[in-house]
Each structure stands twice: as C-alpha cells, then as structure tokens.
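To start, the structure itself, in structure tokens.
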Amino acid sequence: MKVLSQRVTKINESPLTKWDSMVKSKGKGIIHLNVGQQPDFNVLSVIAEAVKKTIKTKGNNHYTSINGTQEIREAISLFQKRVFNMEYNTREIILTNGAKEGLFISLGALVNSEDEVIIVAPYWSTYLDVIVFFGGNPVVVNANENFHLNVDEIKKVISAKTKAVIINSPNNPSGAVYTIDELEQLATIVADNDLYVISDEIYGTIIYDSEFCSIASVKGMKERTIVINGFSKSFSMTGYRLGYTLSSLEIANAMLKIKSNSTGNTNSFFQKVLIEAICNNFDELIISCNQMRTELKRRKEFLCGSLEELEIEYIIPEGAFYVFAKIPSEFNVKSKEFAEHLLVDAKVAVAPGIFFGEKFDDYIRISFSSSVEDIKRALEKIKNCINKKRVI
Ligand code: PLP
C-alpha cells in the first residue's frame, strides 16, 4: 500500500488526549488530576436551563451559515464587549467547534510551507502539531523565569520566514497571565516585523487576582490578531464543542473557506442554546462564571498550600486551573516516568511536563478542577509515594 500523506505522518496525536485514554484504560479507582476540564462542575445551570427550553422549540435541525447564525454572532459580540470590553462586529466572528477548530482554521489561513511560527514554552502541544500539519516550522521560545513573556528572546528568533506568534494567556500549563506591558512590548515587535498574532484566550474568564488583557486590544493590533476563544472552560462545557474566532474580515473570510469545506457550521441546536443563555440570562450567566472562579480559587489555594507542605516547588497560577509543579528532586526521573509511577503507586493521574515542551521534563501539571475531596485524597497518596522515597 502507498504511504499516507507526509502531512499526517509528520504529526502526532495530542499527547494529552493519548495520555488521558491510557489513564482511562486503567479502569476505576484513579483520581484524575490530568484533565483539561472541570469534572466536578456540571455545565452552568443557566446553560442547562437554556438546553431544556431550546429542546421544546422547533426548527433547530437545519444547516446555518458557516460562521453561525447572525443571532449567535451578535450574542458573542455582546459577550466579548461586556466581559472583555472588546468590540467585534458579526462579520468578524466565526462560531467554531471548540477553540481547537479556531486554532486549526487560523493556522490554515496563515501558514505557508516553510513559514515559521513562534510559540512560547511551556505551550499547549496542539500548536506545534497544527503548525507542522500546515507545512510550517514551529520556533519555540522559552518563557522567562516567572513563566511570563520573554519579549527579547522572541525578538531574537524573528527571521524573514516568521509569519506569526502564538500566545496563550492565561496559560496552560503555567497559569501565567500576561501583563499589558508585556503585550505592548510584543505588539511593537509584531508590528515592526509585519507579523500576525494568534492569541488563545480560552481561559480568559478564569483569572484570580489580576486583570485579563488581550493583545488585540493594544493599539493597532486588532487587524493583526486572531483571537481564539470559546465556552468550553468558562461555562464548563468542554463536550459541547463551542468556540469562536475574532479577527479582521479578511482573515475571517479566509478561515471560512477552510470551515466551509471541512466541518461546515457548528451545531445548530447549541447555537440556539447559547443565544438564549447569553441574550436572555446574561447577568445570571456571569454570576455563575464568577461563582465557579471563586470555587476554583479555593481549590487552587488548597492545592498550593498542600504542595508547600510537601516541599514541592510550583508556580503560583494567576489564571486557568492547573499548577505546574517540579518533580521532587529525590526522584531523579523524567516527567513521563514520574507520572507513570504516580499512576501505579498512588493511583493519581497528572500530566507529564514534557508534553508542554522539552525544557519541562522535570515538571508535572496538576489540575485543580476536581473536587477538594479528590484533591485531598490525591495529595495524601502522593505524599505517601514521596515519603517512601524520602525514607529510603
Ligand atoms: N487552548 C488551550 C490552551 C487549551 O488548554 C484547550 C483545551 O484544553 C483548548 C485551546 C481547546 O479548547 P476546546 O475544548 O474549546 O477546543
């Protein structure tokens, strides 16, 4: 048989989804602190009510415009304005199948073969593989020692082939929330070198003590930036697959060409659900988001406090719901081996740091979106596992 496409042989399945399938195959009794969702939160009640209401209405079974109905794009425009103070008209918005599709069509619209795209490590691994899928070359720049933007390092790697920079704030896995000052510095470099920015803002509503700022809001950056966002994390509905892009009309039209020939429109029923929730119950929706964030903050504080007791180094997350923590030095193993050890010995699943960049093979990512009880049980087991080593 002839070999499959070079494009597909050059990329890997997402290490996080592969790892999660492996963890799930181990059966019951495992505490899952490896996942990028909120297993202990139901979808926000406002959304659940909107589902109930929408199911009773007729006519939600047809194709819609590829970018979503006019009403859903108006709802997203309203959401962006009221939550992030960002103004986009309905032609600059595309409703996508999760933020993941937004990333895919963004890179599809920007990347020519051999183009370089800068990504900041630690990074969400999908960036790397999608760049490669479209024939581009990822150029990895490490974040600074506080896991924030290292703008000077970004400047150093820009070449004639550089097309775009991908940033992700709040960051998965470090939780870093980039400051306006950092974003302005990056914006200057981007404009000076005529680049684009893909700004993944999927955790934008989950920030603990600082303020969210989008690079698209920096003067002159709106037309150079594709914002990737969605409702997976903010409304705790990862499985419903609802995301969106915000960009210039020109880029939106380019992305629509890919979407119209691939997934077509995003689920029509859920478009109606979102319209109902955002347009008719906005205040309640925001209250629920805030309540979820308050609860996540409680979990974050609990997890961070427990890691301190265990003398495990970690980065204080400013946003999102992960703690990126150092593997205790006694172990002297790489991150996958350590995570496998925790899985077998403690029955606790975490994500190995290597999934987020080569430099992070001495880290693990622990999600604090599980219940405090689960986090407590997991830490007790991790403690036993570490103590065995420390006694030896
Ligand atoms: N971007 C980042 C940084 C993520 O962590 C994730 C999911 O974990 C996504 C995008 C994908 O979001 P969605 O589930 O809406 O496709």
> Once a ≥ b ≥ c are taken as the square roots of the eigenvalues of the Cα gyration tensor of the range 15-155, is the result rounded (a/c under 1.5), prolate (a/b larger than b/c) or oblate (a/b not larger than b/c)?
Replying inline: oblate
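Within the range 179-238, which GluC sites (Glu not before Pro) sit in a loop by DSSP and count at most 14 neighbouring Cβ atoms inside 10 Å? Walk me through the numbers on the way to the answer.
On the way: sites: 182, 184, 201, 211, 223; in loops: 201, 211.
Hits after loop and neighbour filter: 211.
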>> Once you place label points 7 Å from the Cα toward the Cβ at residue 384 and residue 55, how far apart are they in nm?
In response: 4.1 nm
>> Could you work out how much longer the chain between residue 63 and residue 249 gets when fully extended? Use 0.36 nm per residue separation minus the Cα distance between them, nm to one decimal.
In response: 64.7 nm
>> Please list, by residue number, everything in the range 197-235 whose backbone N is under 17 Å from a paramagnetic label point 7 Å out along Cα→Cβ of residue 90.
In response: none
> Suppose R0 equals 41 Å; then what is the FRET efficiency for residue 261 and residue 48 from their Cβ-Cβ distance, rounded to the nearest 0.05?
Replying inline: 0.75
>> Below 19 Å, Cα to Cα, which lysines can residue 300 reach? Residues fewer than 8 away in the same chain don't count.
In response: 233, 326, 376, 381, 383
> Mind checking which lysines have their C-alpha under 17 Å from residue 52, skipping anything on the same chain fewer than 8 residues away?
Replying inline: 272
>> Skipping prolines and chain starts, which residues have an amide H placed within reach, meaning under 5 Å, of the one on residue 140, given they are 5 or more residues away or on another chain?
In response: 119
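Which value, in Å², gives the accessible area per residue of the range 125-239 when a 1.4 Å probe is used on the protein heavy atoms? Write out the running numbers ahead of the final one.
Numbers: 4070 Å² over 115 residues.
Per residue, the range 125-239 has 35 Å² of solvent-accessible surface.
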> Can you give the helix-only mean residue ellipticity at 222 nm for the chain, where every DSSP H stretch with n ≥ 4 adds -39500 (n - 2.57) and the sum goes over all residues, rounded to the nearest 500 deg cm²/dmol?
Replying inline: -13000 deg cm²/dmol
> What percent do you get for the relative contact order of the range 116-213 when only Cα pairs under 8 Å and 6+ apart count?
Replying inline: 29 percent
> Of the heavy-atom accessible surface of the chain (probe 1.4 angstrom), what whole percent is carbon and sulfur?
Replying inline: 49 percent
> Top mean-square fluctuation among 110, 310, 149, Gaussian network model of the chain, C-alpha springs under 10 Å?
Replying inline: 310
> Counting trypsin sites (Lys or Arg not before Pro) as exposed when in a DSSP loop with at most 11 other beta carbons within 10 Å, what is the longest stretch of the chain free of them?
Replying inline: 220-392
> Quick one: in the chain, what % of C-alpha pairs are over 27 Å apart?
Replying inline: 50 percent
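When the chain is fully extended, how far beyond the present Cα-Cα distance does residue 13 get from residue 179, taking 0.36 nm per residue of separation? Display every interim value, and only then the final one.
On the way: separation 166, 0.36 × 166 = 59.76 nm, distance 3.24 nm.
Using 0.36 nm per residue and subtracting the Cα-Cα distance, I get 56.5 nm.
Out of the GluC sites (Glu not before Pro) in the range 306-392, which ones are loop residues according to DSSP with at most 10 other C-beta atoms within 10 Å? Mind showing how you got there, number by number?
Values: sites: 308, 309, 311, 313, 318, 330, 337, 340, 358, 373, 380; in loops: 311, 313, 318.
Loop-located and lightly packed - 311.
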> residue 114 versus residue 345, label points 7 Å from Cα toward the beta carbon: distance in nm?
Replying inline: 5.0 nm
>> Rounded to the nearest 10 Å², what accessible area does residue 62 have for a 1.4 Å probe in the complete protein model?
In response: 110 Å²
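The values are calculated or read from the model by the stated rules, or taken from the named source; none is laboratory data. For clarity, every value in this text was computed on a predicted model and none was experimentally measured. Positions of Cβ are backbone-derived with ideal geometry, glycine not excepted, and every protein chain shown enters the neighbour counts. When the accessible area is computed, the model is the full protein with side chains, heavy atoms only, and any ligands, DNA or RNA have been set aside. Shrake-Rupley method; radii C 1.70, N 1.55, O 1.52, S 1.80 Å.
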